[in-house]
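Here the structure comes first, spelled out in structure tokens, and everything after it is commentary.
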Amino acid sequence: MHTINVIRHMGGEAMTRTFSIRMVAALAGAATLFAVTLPFGVAHAELKTWRHGIVEAKSDAGFIMMAAENGFAEKEGLKVEIVQFKGDALALKAMLAGELDSYEGSPGGPLVAASRGADLKVIGCHWPKVTYGIFSKPDIASPKDLKGKSFAISNPGALPDLLARAVLEQNGITADQVKFAIMGSDADRYRALSAGVVDVASTEFAALNAKTGMKLLVHANDVVPKYIRFCFYASSKTRQNRPAELTSLLTAEMKALKYALANRDAVISLSNKITGAKPDDTRAAYIYDEVKKLSAVDPTMTIPVDHLQWMQELFMKTGNLTKAVDLSQFVDESFRKKALEAVGK
């Protein structure tokens, strides 16, 4: 029997404590352990530890954590330590600080960081469409009515922030014409919305609208269809020093996502197990069905460079980017191609 350590970080303050994962894991309540049976023939000592960052697990966890939780990583010889963050901007900082071997998040922050000389590359995109929405109070009729309103975001430069700016730009509203409030995770922001703050939150919460009275003002896929939700990233240190393990990580992810897309009940069950959802909670089922409807998850992890170019041009308009990134230097397809070969064997 083998365990995967899942270490939870609860916001910006906790981020100051993440720079020694072993130390954080030692703190009471900092780690949640999941038991996974090792496949026959894989000895405990043969597994290579890999630290991977994600945005705090919610009702999409059945997809995001399938590789780590259901034995796919172990079959590729990896012991995956998943580190959870309130936002992908914090995960990016942790990886650049050397505390993670890889992480997954929106390309927005990495593009901005790369434009400033940060050492990272995108190595695969598993969630190429944005299953995200802007929710509002019922009396806001359209996105054009957002001028002067307040947006709840996770952190500057993270997906909710950049997505909000994209929608504002498309509706002729500048960032200085709204107010941004940093309020943590999707759940935190949705609670803030219920208390009277306009929010940017995952569309999983659409399943709760009948109970809360909140309104899905706009679905991101309708207004910014080229906006990429999640990709995997790694630094040159990881790519140069651990190429075999990095390929194994992508191989495990591809196999896990292929399995997830064919096994609805398994994904929903894993999501509910990880989030502790109640039996009548419909969010995991909603997310799964939306992913299938939009073909939002890609098990081949194709990197849509044309969409990255579109995002870069958008961020130049919104002012998040002041210097364009050479995308040929930002993208590394080599590990993904090797993983595809391994999956095909």
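The values are calculated or read from the model by the stated rules, or taken from the named source; none is laboratory data. All figures in this text were calculated on a predicted structure; none of them were measured in a lab. Virtual Cβ from ideal backbone geometry, glycine too; neighbours counted across all protein chains shown.
Just a few scattered comments:
- Selection count where residues are touching a residue at least 60 places away in the same chain (Cβ under 8 Å) and closer than 23 Å to Ala94 by Cα, scope region 223-273: 22
- Helices (runs of 4 or more DSSP H) wholly inside region 44-157 containing at least 3 residues that are buried (at least 24 other Cβ atoms within 10 Å of the Cβ) and in the same structural domain as Asp326 (by TED's automatic domain parsing): 61-64, 66-69, 88-96, 108-115
- Failed criterion for Thr18 (all others in (1) touching a Leu at 6+ places or on another chain (Cβ under 9 Å); (2) at pLDDT below 95; (3) under 27 Å from Glu341 (Cβ atoms); (4) not hydrophobic (A, V, I, L, M, F, W, C) hold): (3)
- Of the helices (runs of 4 or more DSSP H) entirely within region 293-345, those holding at least 1 residues that are under 14 Å from Ser248 (Cα atoms) occupy 334-344.
- Tally of residues being among the charged types (D, E, K, R), buried (at least 19 other Cβ atoms within 10 Å of the Cβ) and over 15 Å from Lys317 (Cα atoms) across region 164-187: 1
- Positions within region 272-313 being within 16 Å of Cys231 (Cβ to Cβ), of a type in the set (A, V, I, L, M, F, W, C) and surrounded by fewer than 17 Cβ atoms within 10 Å (Cβ to Cβ), in sequence order: Val305, Trp310
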